[in-house]
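Q: Here you go, one structure.
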Amino acid sequence: MIVLVGVLMAAAMVLLASPSGAHAAATAPDTPGGDQEETDFYFGGLITFDGEPVPDVVIMVEGGGFEAETITDDEGKWRLYVPEKDEYVLTVDEETLPEGVIVDPAQLPEGIQPKSGTTASFDVAFGATGTKIVNLFLGEGERVTTSFWDQFSERLINGINFGLLLALAAVGVSLIFGTTGLTNFAHAEMLTFGAVVALVFGVNFALPMWIVIPIVILFGAAFGWSLDAGLWKPLRRRGLGLVQLMIVSIGLSLAIRYTYQFFLGGGTYQLPGAGAPRDIHIGPISLSWIDLLSMGISIVLLLAVAYWLLRTRIGKATRAISDNPGLAAASGINVDRVIRIVWVLSAALAAVAGVLWAYFRPGVKWDMGVQVLLLIFAAVTLGGLGTAFGALIGSLIVGILVELSTLLGIPPDMKYVGALAVLIIILLVRPQGLLGRKERLG
């Protein structure tokens, strides 16, 4: 297993030792005047009204897959560090402004104009230096607000998009659990692996993404084959219990994750086209071409998996093993062969999910997979352990709840907690999950 997996890891990591064209996003404090060590690029400024500083105003910056926010201090000053010199969208949270006050468009700095339909969002870019000062002056006026239902519609679509990419990973987790009983904590590293492969071929080799995605699928499938052939099949033959196998998966996850960190470092790298503008408007909903492609890829792959499970012999054998492995083996099904195929399929789906996750939220980072692992487990448990279609439904529910939670007043940093709370509530009512079956104990 060490040799087989090591070959795949080394092939990707040696190329990433100095990724040309990729940009590392260093984490830096976003508080006004905060010290920073790893990046010299920042936006800063002063917010005033009638010549007086305005404290506690929330300022947000977004672009290239990077998001951050800060608040003005008692002197109205603010500062936000960013990973690279690029174009960003700067937004003032109007809910934190004094009543009846807006950003005065007539007093904006030269070269900065508000985006269409708002007075509080601006396209900003650096000049010759790595510092961009944006002083904002407030004035009396009527705020341009977005209705609750318009926000609901847009976040619902974002939630469906998030849920679909979660489903790609959750279906794989569910298939592996159904056929082997293993709760695979190393599934997070399968996601990261797909994003790393996309970074190598999309950035280092500058291949178009329509070529990169099939390459990611092939590398992901090879990674899954290597893991099963080199580790999981030998362990199954030795008769290790499920708890022991789960502990092995935790150790494997840590080993692979810190291997990523060794070669990638702590920075964040962006895939080609990350941060594309949301210039596709469908009513109140704004989408980017990446959002549409992400949902399209997810839907096509999930439909293909559904067809495979329902209409093919291997798919039917997979469902038979999930229902009763002993009876399936007695009826002539090659259980080891089916499990090998499940590992290949699950790893390929996870690899694609990793690429879509890199576009949806964090960029390519050494621990990006583990950031979403608990949500994947929540989706699988919510839908019903071992049921692929339950994993799909659970993923959509989790994705939508995560994106809609901030509309209900939940702070953005706490939005993942809401999905886990709903999971607990549903399991108290229906312990087997939405599509799971009740089992007799004893």
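The values are calculated or read from the model by the stated rules, or taken from the named source; none is laboratory data. From a predicted model like this one, the values you see are computed outputs, not experimental measurements. Cβ: placed from backbone, ideal geometry, glycine included. Neighbour counts: every protein chain shown. With ligands, DNA and RNA removed, areas are computed over all heavy atoms of the protein, side chains included. Shrake-Rupley method; radii C 1.70, N 1.55, O 1.52, S 1.80 Å.
Q: Any residue at all in the stretch 60-70 that's acidic (Asp, Glu), modelled with pLDDT under 75 and over 18 Å from Leu138 (Cα atoms)? First the steps, then the outcome.
A: Just the residues of the stretch 60-70 that are acidic (Asp, Glu), to begin with: 62, 67, 69.
Then keep just the ones that are modelled with pLDDT under 75; that gives none.
Looking for residues that are acidic (Asp, Glu), modelled with pLDDT under 75 and over 18 Å from Leu138 (Cα atoms), one finds none in the stretch 60-70, hence no.
Q: Okay, moving on. Taking the condition open to solvent by 60 Å² or more (accessible area, probe 1.4 Å), modelled with pLDDT of 95 or more and not charged (D, E, K, R), does Trp225 pass? Quick ask: steps written out before the conclusion?
A: Details: open to solvent by 60 Å² or more (accessible area, probe 1.4 Å): yes; modelled with pLDDT of 95 or more: yes; not charged (D, E, K, R): yes.
Here the answer is yes, as Trp225 does meet what is asked.
Q: Can I ask one more? Given (1) modelled with pLDDT under 95; (2) closer than 18 Å to Ile339 by Cα, identify the lone condition not met by Leu199.
A: (2)
Q: Just give me the residues in the stretch 267-284 being modelled with pLDDT of 85 or more, surrounded by 15 or more Cβ atoms within 10 Å (Cβ to Cβ) and in contact with a strand residue (DSSP E or B) (Cβ under 6 Å, 6 or more places away or on another chain), in sequence order.
A: Selection gives Tyr269 alone.
Q: Quick one: Ser346 ticks every box in (1) under 30 Å from Phe162 (Cβ atoms); (2) at pLDDT below 95; (3) hydroxyl-bearing (Ser, Thr, Tyr) except a single one, so which number is it?
A: Just one mismatch for Ser346, condition (2).
Q: Could you grab me the full set of residues in the stretch 401-411 that are without any contact (Cβ under 8 Å) to a residue 60 or more places away in the chain and polar (S, T, N, Q)? Spell out how you get there, then give the answer.
A: In the first step, residues of the stretch 401-411 are kept if they are without any contact (Cβ under 8 Å) to a residue 60 or more places away in the chain; the result is 405, 408-411.
Of everything in the stretch 401-411, just one residue is without any contact (Cβ under 8 Å) to a residue 60 or more places away in the chain and polar (S, T, N, Q), namely Ser405.
Q: Just to be sure I understand, how many residues within the stretch 266-299 are more than 19 Å from the chain's Cα centre (by Cα) and not in a strand (DSSP E or B)?
A: Summing the residues that are more than 19 Å from the chain's Cα centre (by Cα) and not in a strand (DSSP E or B) in the stretch 266-299 gives 3.
Q: Does Val370 fit the bill of being open to solvent by 20 Å² or more (accessible area, probe 1.4 Å), touching a helix residue (DSSP H, G or I) at 6+ places or on another chain (Cβ under 9 Å) and under 22 Å from Leu254 (Cβ atoms)? If you could, list the steps in order and put the result at the bottom.
A: Values: open to solvent by 20 Å² or more (accessible area, probe 1.4 Å): yes; touching a helix residue (DSSP H, G or I) at 6+ places or on another chain (Cβ under 9 Å): yes; under 22 Å from Leu254 (Cβ atoms): yes.
Against the criterion (open to solvent by 20 Å² or more (accessible area, probe 1.4 Å), touching a helix residue (DSSP H, G or I) at 6+ places or on another chain (Cβ under 9 Å) and under 22 Å from Leu254 (Cβ atoms)), Val370 qualifies.
Q: Looking only at the stretch 312-342, how many residues end up being part of a helix (DSSP H, G or I), open to solvent by 20 Å² or more (accessible area, probe 1.4 Å) and of a type outside the set (Lys, Arg)? Spell out how you get there, then give the answer.
A: Kept after step one, since they are part of a helix (DSSP H, G or I), are these residues of the stretch 312-342: 313-323, 325-330, 335-342.
From what is left, the residues that are open to solvent by 20 Å² or more (accessible area, probe 1.4 Å) are 313-314, 316, 319-320, 322-323, 325-327, 329-330, 335-337, 340-341.
Imposing the further condition that a residue be of a type outside the set (Lys, Arg) reduces the set to 314, 320, 322-323, 325-327, 329-330, 335-336, 341.
Final tally of qualifying residues: 12.
Q: Hey, among Leu309, Leu264, Leu287, Leu345, which residue is open to solvent by less than 20 Å² (accessible area, probe 1.4 Å), among the aliphatic types (A, V, I, L, M) and within 18 Å of Leu392 (Cβ to Cβ)? Please lay out each step first, then the result.
A: Working: Leu264 fails: within 18 Å of Leu392 (Cβ to Cβ); Leu287 fails: within 18 Å of Leu392 (Cβ to Cβ); Leu345 fails: open to solvent by less than 20 Å² (accessible area, probe 1.4 Å).
So the residue among Leu309, Leu264, Leu287, Leu345 that is open to solvent by less than 20 Å² (accessible area, probe 1.4 Å), among the aliphatic types (A, V, I, L, M) and within 18 Å of Leu392 (Cβ to Cβ) is Leu309.
Q: Against the condition open to solvent by 70 Å² or more (accessible area, probe 1.4 Å), part of a helix (DSSP H, G or I), more than 25 Å from Ser153 (Cβ to Cβ) and of a type in the set (A, V, I, L, M), how does Leu303 come out, does it pass?
A: On the way: open to solvent by 70 Å² or more (accessible area, probe 1.4 Å): yes; part of a helix (DSSP H, G or I): yes; more than 25 Å from Ser153 (Cβ to Cβ): no; of a type in the set (A, V, I, L, M): yes.
So Leu303 does not fit the description; no.
Q: What pairs come out if I take residues in the stretch 179-193 that are open to solvent by 10 Å² or more (accessible area, probe 1.4 Å) and pair them with residues that are of a type in the set (S, T, N, Q) and modelled with pLDDT of 90 or more whose C-beta lies under 6 Å away, six or more apart or interchain?
A: Filtered contacts from the stretch 179-193: Phe185/Ser249; Phe185/Ser253.
Q: Is at least one residue of the stretch 428-439 part of a helix (DSSP H, G or I), within 30 Å of Ala198 (Cα to Cα), among the aliphatic types (A, V, I, L, M) and open to solvent by 20 Å² or more (accessible area, probe 1.4 Å)? Working first, answer last.
A: Of the stretch 428-439, the ones part of a helix (DSSP H, G or I) are 428-429.
Now drop any that are not within 30 Å of Ala198 (Cα to Cα), which leaves none.
Scanning the stretch 428-439, I find no residue that is part of a helix (DSSP H, G or I), within 30 Å of Ala198 (Cα to Cα), among the aliphatic types (A, V, I, L, M) and open to solvent by 20 Å² or more (accessible area, probe 1.4 Å), so the answer is no.
Q: Taking the condition among the β-branched types (Val, Ile, Thr) and open to solvent by less than 20 Å² (accessible area, probe 1.4 Å), does Val197 pass?
A: Yes.
Q: So which pairs qualify, if the first residue must be in the stretch 381-400 and within 15 Å of Ile299 (Cα to Cα), the second must be charged (D, E, K, R) and surrounded by fewer than 22 Cβ atoms within 10 Å (Cβ to Cβ), the Cβ gap must be under 9 Å, and the two must be at least 6 apart or on different chains?
A: Pairs found: Ala388/Arg319.
Q: Tell me whether the stretch 362-380 contains one or more residues that are in a loop (DSSP other than H, G, I, E, B) and of a type in the set (D, E, K, R). Reasoning before the result, please.
A: Going through the stretch 362-380, the residues in a loop (DSSP other than H, G, I, E, B) turn out to be 362-363, 365-369.
Imposing the further condition that a residue be of a type in the set (D, E, K, R) reduces the set to 365, 367.
Yes, the conditions are met somewhere in the stretch 362-380.
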